[in-house]
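Shown next, in structure tokens, is the structure this report addresses.
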């Protein structure tokens with residue numbers, strides 16, 4: 001990997017490591033070769049993330065979990081080669097006799113060697129711890145976002161606009177007209193004689 005990649009963003013570098021892993025995975029290598037070229041000390045991930053803190057953070061990404069799944073798939077394929085293409089090292093692990101007997105029985109149940117069983121368990125535990133750490137980090141980020149949202153000041157309600165007067169309310173009122181004077185009473189008329197004459 002080119003050292004220029006170190007100046008790129010974290011997400012871009014994570015995607016490029018995953019791309020290298022996918023290209024190598026498609027060539028159907030043995031799991032040891034895949035692990036060495038991608039996650040080994042001189043592998044793609046260490047070249048892109050030379051800083052220890054950045055590499056630890058990379059181990060919590062979805063890209064890293066996807067690469068770990070590729071390692072698991074390649075180990076399950078049982079492709080010949082593997083350790084024959086790379087020197088092996090020996091470590092001594094002290095453990096209680098009861099645990100040793102349990103591992104021996106489990107290896108027999110799966111028809112595999114204790115060495116392969118221990119490697120599988122080691123890779124599985126590492127992957128699970130990294131996945132749990134990533135889940136915890138996402139949960140902490142969500143909790144922090146919720147706490148930040150809860151502390152935001154409440155939005156003040158928008159003041160109501162003054163009521164709009166109706167046309168009738170806005171028109172000036174006319175002065176009251178005086179009531180009309182009562183009509184004068186008609187003058188009394190002289191009584192007309194009866195047509196048949198007076199009594």
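Read-outs throughout are calculated quantities, based only on the coordinates presented, and are distinct from any laboratory measurement. For clarity, every value in this text was computed on a predicted model and none was experimentally measured. FYI the Cβ positions are ideal-geometry reconstructions off the backbone, even for glycines, and counts take in every protein chain you see.
Between residue 73 and residue 19, how many nm apart are label points set 7 Å from Cα along the C-beta direction?
1.9
Which FRET efficiency value, to the nearest 0.05, is calculated for residue 54 and residue 98 with the Förster distance at 41 angstrom and r the Cβ-Cβ distance?
On the way: r = 41 Å, r/R0 = 1.00.
Working from the Cβ atoms, E equals 0.50.
How far, in nm, would the chain grow between residue 91 and residue 115 when pulled straight, counting 0.36 nm per residue and subtracting the alpha carbon separation? Please list the in-between numbers first.
On the way: separation 24, 0.36 × 24 = 8.64 nm, distance 1.09 nm.
Length gained, residue 91 through residue 115: 7.6 nm.
Hey, can you rank 90-102, 15-27, 136-148, 36-48 by average C-beta count inside 10 Å, highest first?
Going from most to least packed, we get 36-48, 15-27, 136-148, 90-102.
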